[in-house]
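All of the numbers you see were taken from the coordinates with simple rules; none came from a lab. Values in this document were obtained by computation on a predicted structure and should not be read as measured data. Cβ sites come from the backbone with ideal geometry, for glycine too, and all protein chains shown count toward neighbours.
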Amino acid sequence: MNARRTPQKKGGSNSRRGIRRRDFLATTAAAGAGFWLASPLRAAKPASKNGELHVAIIGAGTQGREVLIENCLKIPGIRFVAVCDIWPYNKLYASGRLKAYKQEVNAYEDYREMLEKEKALDAVIVATPDWMHAEHAIACLQAGKHVYCEKEMSNSLEKAKQMVLAARQTGKLLQIGHQRRSNPLYTYSLEKIIRDAKLLGRITTTYGQWNRGKSAVDPGCPKGKELDEATLQKYGYDTMHQLLNWRWYRKYGGGPIEDLGSHQIDVFNWFLGTPPKSVMASGGTDYYKGREWYDNVMAIYEYDTPAGVVRALYQVLTTTSARGYYETFMGDEGTLQISEDPRKCRVYAEGHLPLGAWDEWVKKGYLIELPWKVPEDKSETDAIVDIYKSPEQVGWLLPVKPEGSYHQAHLENFFDAIRNGTPLNCPPEVAYETAVAVLTVNDAVAAAKRIDFQPEEFKV
Amino acid sequence: MTSAKKPQSDSRRGLSRRDFLTTTAAAGAGFWLTSPLRAAEPASKNGELHIAIIGAGTQGMVLMQNCLKIPGVRFVAVCDIWPYSQRYASRRLKAYKQEVNVYEDYREMLEKEKALDAVIVASPDWMHAEHAIACLQAGKHVYCEKEMSNSLEKAKQMVLTARQTGKLLQIGHQRRSNPRYIFALEKIIRDAKLLGRITTGYGQWNRGKADDRGWPKEYELDKATLNKYGYDTMHQFCNWRWYRKYGGGPIEDLGSHQIDIFNWFLDTPPKSVMASGGMDYYKGHEWYDNVMAIYEFDTPAGVVRAFYQVLTTTSARGYYETFMGDEGTLQLSEDPRKCRVFAEGHLPLGAWDKWAKKGYLIKLPVEEQKPEAKGEMDAITSVYKSPPQIGWLMPVEVEKSYHQAHLENFFDAVRGKGKLNCPPEVAYETAVTVLTVNDAVAAGKRIDFQPEEFKV
């Protein structure tokens, strides 16, 4: 099946988002022009009760429970007081886990009831399926709570825009869970390696991939824990499979390009200092049966940066694990490879640099030199290879050892913002730019041509 | 600069895409399958093959150097429009006791050198057709460098001429004769099926920034000679790869080798291509310095998506190709140390041990098989996280250099001892696949191929 033949009955993603691209452009241009720059930093609010922040979580599934709750438990001064999930299994599992840490919580099925009863809440973590992010985050903001919401903001750009507006109107903080924005490996690379020492020279190309093997199985339901059909219907699901595997459904999520790609495409925008000017993409539901979203996607972005055009390839594959996940920034003087996996982080010097060109940066503590490497073998001279052949690249390490886990730093940044007015590393305006860059990939697959962005599209 | 503003490469080829489609469909349908294998001709004089080279530039010298390692092959003539190359090549041959006649005009050479068995064509791409066709029509077998041509119309004429003359025409996609590539395709992919279902291909040639090529001032060609041979400047002549009239840019120079592997290994030309590229970095070049292309292939097992990029502003990771399947990944390169096979983590432990016993793979020492870092659980990562891949080597030692095996295949075919590994019909499929990337950049949308487009 090629992308073009992907059944249209599932709805182009545009129509599914409740607003067509053309309408959206018009709306955005009218409503948002100029607002982004003028938007003031939100005032921080002092923490409640003897410095302890009271938090709740909506959506205590795998990401909410095993990742965000676990990470919050490592942060001093954070106390869970409520857990909300439509699935009793998750409620029980999460509240039991919190109890083990002496954090007794009230458990709710309905977030409205929770917001009504839990008056002393400082902040809410939203880790529900993507299509519910807007409803949950907006309700919390309007109830006067700060919100940490998982990415993707939404699988609908219209809803994502409403989230930005709600944060602005309520003056409450909204951090979106692109956690690399708070990762010391990433902030160091951008600030020191790229911007300060300029070790990459002029960046011309970017690459990112998340390759995941087919060992991936659809999450199943423990026997006897299934929700009854009435409850499922009440919350918008037809089957338990949909609730547990919402990521593969067009109604509930955006597919692997959104689940996985969003993290890394966000890094493109962040490091290049601008959203893209165009995207073209190829993808298909070629491998797995019964899934609505493209299992494999490749996208080519073009960016206009002050130094010139940057071309970026992103691919998400769910049928092979070849080389895992990482991002690469390639310049005419060096290459940065970066990943949440610290061992994948390297900087490489181009062979045309004079010997020892980076020694000063080692002395200054910007880089750690690796043991000398055996050069390329000289088995044959090939005219093209020989004339132009690049000498073997030498890898250097970053002098950054991330202490906490991936998400902890991003959650800490959120809590610091609440307590001390520290700027959020991923406010909704920034995450909205990423959502536009990411969700348009699915449109580009359907369109089979390059989609050119207008700068206004990224603004709310 | 956006890619859309670039001149159309179609018009440069002297034939619009639409015309081309019509012409090909009318002229070539069905011919490919019925084309008989060419009869081999016995070698001349006590088994020694007498050969000449047209185009003794840098790449020509690579081929010459490789021929000198092959027994029973003797150069008798060198043809080049540049005295510098004539001199360099003929002196080099003299050092190997191969005295040659030197020509500026290939027509004169073909007229005078009656005893030639074969000619090697290594002139700039835009001259391949003229040179190869003249040699074939003079009754010579031809080894012609890739790309066949920077014009598909001219490439088609090459195919037709080879067919009409019954002479051999080998195109220089030399990986087609590389034992490591052949082993990987025949043993790893087709026989042992170690990759499972292939869903994705990847290829890159990343080359660090480089200056344009210069030339010794005392050997500069005068303006009249340059003009006579179609060049305005010495810069054009020495850097023809960057000019639209003379070449196809890096996607053709470098990409062609690897995109050829996609077609070869997937056993079909692609069904579509989309691409992005630009003249974003270098000044004064006419071709895209960086190009990215996404192909889709329809294979019997399902869709394969293949990404190819050629970058001339960074050397990150060099050049290699990767084929990714649901059970394993094959990484291949002309650089032997880049060749590896990786097993997917969901395979049972020891699943490939039998293939190591059978001699298909060499197991690497355990210390190379480090597990992934156990940093943190991420829901998506932890639920789905792939176990680490384990690398294996292929038991193929390649003694010869990249081009030697492909030249030997050609000379064997001339002697009647084997079939060409890259006949013109095959190279034409690759030329269509590669040159259309430049069209796709200009079009800014996916270009769908018709199967007839690949046939002559």
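The table for this structure:
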item: Listed peptides B:122-132, A:186-196, A:432-442, B:438-448 by packing density, highest first (mean Cβ within 10 Å); result: A:432-442, B:122-132, B:438-448, A:186-196
item: Normalised per residue, the volume of the convex hull around the Cα set of the range A:164-323 (Å³); result: 176 Å³
item: Backbone HN-Hα couplings from phi across the range B:47-60 [Karplus 6.51/-1.76/1.60, Hz, Gly and Pro as x]; result: x, 7, 8, 9, 10, 10, 10, 10, x, 9, x, 4, 5, x
item: Calculated from backbone phi, Karplus (6.51, -1.76, 1.60) coupling profile of the range B:432-449 in Hz, x at Gly/Pro; result: 4, 4, 7, 5, 5, 4, 4, 5, 5, 4, 5, 6, x, 8, 5, 9, 8, 8
item: Amide proton proximity set for B:Val142, modelled H, under 5 Å, gap of 5+; result: B:Val119, B:Leu168, B:Leu169, B:Gln170
item: Built amide H within the under 5 Å cut-off of B:Gly325, gap 5+; result: B:Thr199, B:Leu330
item: Cα-based Rg / Dmax (Å) for the range B:226-334; result: 16.6, 57
item: Net charge of neighbours whose Cβ lies under 12 Å from the Cβ of B:Tyr103, counting Lys and Arg as +1 and Asp and Glu as -1; result: -4
item: P(r) weight above 17 Å for the range B:108-211, C-alpha pairs, percent; result: 64 percent
item: All Cα pairs of the range B:395-437, percent lying beyond 16 Å; result: 54 percent
item: Phi-based couplings in Hz for the range B:220-232 (Karplus 6.51, -1.76, 1.60; Gly and Pro marked x); result: 5, 6, 6, 4, 4, 5, 4, 4, 4, 9, x, 10, 8
item: Listed residue (B:Ile259, B:Ala224, B:Gly248) projecting farthest to the positive dipole end of the range B:213-271, Cβ model; result: B:Ala224
item: Other-chain or far-sequence residues with amide H under 5 Å of A:Leu260's (modelled H); result: none
